[in-house]
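Student: Sending over a structure as structure tokens; questions will come in a sec.
The values are calculated or read from the model by the stated rules, or taken from the named source; none is laboratory data. Only a predicted model underlies this, so the values are computations on that prediction, with no experimental measurement involved. Here the Cβ is made from the backbone with ideal geometry for all residues, glycine too, and neighbour counts use every protein chain on show.
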Amino acid sequence: MATVNMRVDLGGIPMRNPVNTASGTYGNGIQFEDFYDVGATLGAITCKGVAHEPWNGNPAPRLAEVSSGIMNSVGLQNPGVEGFVAQYGSYLQSVRDRGCAVICQIAGHSLDEYRQATELFEELAPFASGFEINISCPNIAKGGAAMGGTPGAAAEVMRAVRPLTARPIVVKMAPHDVAEIGKALEAEGANALSLINTIPGMAIDVHTHRSRLARPTAGVSGPAIHAIAVRMVWECAQAVSIPICGIGGIASGEDAAEMILAGATAISVGTANLYDPLAAKNVVRELTEWVEQQGVQDVHELIGAFEC
Ligand SMILES: Cc1cc2nc3c(=O)[nH]c(=O)nc-3n(C[C@H](O)[C@H](O)[C@H](O)COP(=O)(O)O)c2cc1C
């Protein structure tokens with residue numbers, strides 16, 4: 001039992017501790033139940049991005065190992081909201097019943113697709129504590145540019161979905177212009193921000209001269225991006241007053257603590273889940289131990305406590 005308060009609130013999503021999981025790196029939770037009691041342990045889980053209808057994702061190979069990380073071009077393969085709820089709804093309700101928040105992630109290729117997915121989730125997913133809008137999805141009308149790649153475009157996505165749900169909306173941000181885009185999202189009613197998504201990179205097979213994945217570029221994640229993510233969380237935290245969930249290369253309590261000091265209220269464990277299924281559980285324990293060692297009563301005393 002922790003001797004300090006670890007409870008936090010991510011923009012209206014109450015969490016028993018600041019530890020969440022990053023979308024797409026944790027299945028939808030059930031895959032980790034053989035290793036520990038997910039619902040009784042974590043503060044929240046964030047599910048894989050889901051669209052209004054099923055998406056096939058990109059061709060394989062979609063994953064490659066690189067120095068201190070991985071690259072992926074999964075391309076948001078998902079079963080659509082109805083398929084997702086049919087497959088995971090009762091499990092996710094049990095996660096919620098055990099005191100862990102459930103955040104459902106929404107994907108779309110156009111404003112209309114975001115609207116349709118949000119409406120379906122609102123109707124079919126009573127188990128969702130809140131929604132995370134992934135604004136990094138490619139915009140089919142604009143040649144694949146990210147849906148929320150500029151402050152104006154991000155604001156448009158927010159304006160499309162905000163009227164459709166009273167539940168908290170977290171926005172998952174791409175790794176650029178986080179202060180300006182964060183401000184635009186806050187102005188349009190986002191309850192929280194989560195950052196960062198993967199950073200575009202390339203991995204070339206020098207024998208074949210071809211990409212090691214089916215596509216020329218893919219998203220880099222894991223310890224390789226941690227220092228960049230901490231910097232972006234800090235920059236964003238200076239610019240907005242809504243809470244931030246820090247994501248990027250978190251594999252230990254110390255990595256999570258850096259995010260909290262930089263200004264994150266919560267953190268998500270991502271790629272580390274793929275090579276150590278106990279990573280998120282261990283981060284809960286290590287982060288709690290760190291807070292206890294700081295001589296404070298409450299994790300809030302450490303949020304943004306970084307000093308230059
Ligand atoms: C295999 C894989 C699938 C992912 N799928 C999604 C997704 O569906 N939606 C999303 O917003 N981010 C997705 N991400 C990005 C992660 O949520 C996270 O933002 C990123 O990996 C950085 O955190 P990490 O370094 O701890 O992995 C995915 C990452 C990986 C490695």
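Residue-wise test of (1) among the hydroxyl-bearing types (Ser, Thr, Tyr); (2) more than 8 Å from the ligand (Cβ to nearest atom); (3) under 22 Å from GLU307 (Cα atoms).
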residue: LEU193; (1), (2), (3): no, yes, no
residue: MET202; (1), (2), (3): no, yes, no
residue: ARG212; (1), (2), (3): no, yes, no
residue: SER221; (1), (2), (3): yes, no, no
residue: TRP234; (1), (2), (3): no, yes, yes
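Student: Given the condition in contact with a Phe, Trp or Tyr (Cβ under 9 Å, 6 or more places away or on another chain) and either modelled with pLDDT of 95 or more or in a helix (DSSP H, G or I) (or both), answer yes or no: does some residue in the stretch 63-76 qualify?
Tutor: Checked the stretch 63-76: at least one residue is in contact with a Phe, Trp or Tyr (Cβ under 9 Å, 6 or more places away or on another chain) and either modelled with pLDDT of 95 or more or in a helix (DSSP H, G or I) (or both).
Student: Related question: If a residue has to be without any contact (Cβ under 8 Å) to a residue 40 or more places away in the chain, over 20 Å from ILE228 (Cα atoms) and assigned to a helix (DSSP H, G or I) to count, how many in the stretch 246-295 make the cut?
Tutor: Qualifying residue count for the region: 8.
Student: Kindly indicate the residue of the stretch 14-50 that is within 16 Å of the ligand (Cβ to nearest atom) and among the aliphatic types (A, V, I, L, M) and also nearest to GLY80 (Cα to Cα) among those meeting that condition.
Tutor: Only one residue fits best here, namely VAL50.
Student: Continuing with the same structure: Go through the stretch 120-135 and give me each residue that's free of Cβ contacts under 8 Å to residues at least 60 places away in the same chain, away from the ligand (no atom under 16 Å from the Cβ) and under 24 Å from ALA155 (Cβ atoms).
Tutor: GLU122
Student: Within the stretch 124-131, is there a residue that is surrounded by fewer than 20 Cβ atoms within 10 Å (Cβ to Cβ) and either modelled with pLDDT under 95 or not in a loop (DSSP other than H, G, I, E, B) (or both)?
Tutor: Yes; the residues of the stretch 124-131 include at least one that is surrounded by fewer than 20 Cβ atoms within 10 Å (Cβ to Cβ) and either modelled with pLDDT under 95 or not in a loop (DSSP other than H, G, I, E, B) (or both).
Student: In this structure, does GLY99 turn out to be within 13 Å of ILE13 (Cβ to Cβ), in contact (Cβ under 8 Å) with a residue 40 or more places away in the chain, among the small types (Gly, Ala, Ser) and not in a helix (DSSP H, G or I)?
Tutor: Answer is yes for this residue.
Student: Here's something else I'd like to know. Got at least one residue in the stretch 140-154 being among the hydroxyl-bearing types (Ser, Thr, Tyr), surrounded by fewer than 16 Cβ atoms within 10 Å (Cβ to Cβ) and more than 16 Å from the ligand (Cβ to nearest atom)?
Tutor: Scanning the stretch 140-154 turns up at least one residue that is among the hydroxyl-bearing types (Ser, Thr, Tyr), surrounded by fewer than 16 Cβ atoms within 10 Å (Cβ to Cβ) and more than 16 Å from the ligand (Cβ to nearest atom).
Student: Could you please let me know if ASN5 is within 17 Å of the chain's Cα centre (by Cα), away from the ligand (no atom under 16 Å from the Cβ) and of a type outside the set (A, V, I, L, M)?
Tutor: Against the criterion (within 17 Å of the chain's Cα centre (by Cα), away from the ligand (no atom under 16 Å from the Cβ) and of a type outside the set (A, V, I, L, M)), ASN5 does not qualify.
Student: Please enumerate the residues belonging to the stretch 283-297 that are of a type in the set (Asp, Glu) and in contact with a helix residue (DSSP H, G or I) (Cβ under 8 Å, 6 or more places away or on another chain).
Tutor: Selection gives GLU286, GLU289.
Student: Given the criterion surrounded by fewer than 24 Cβ atoms within 10 Å (Cβ to Cβ) and under 17 Å from THR21 (Cβ atoms), identify the matching residue among GLY246, GLY253, GLY263.
Tutor: One residue alone meets the criteria, GLY253.
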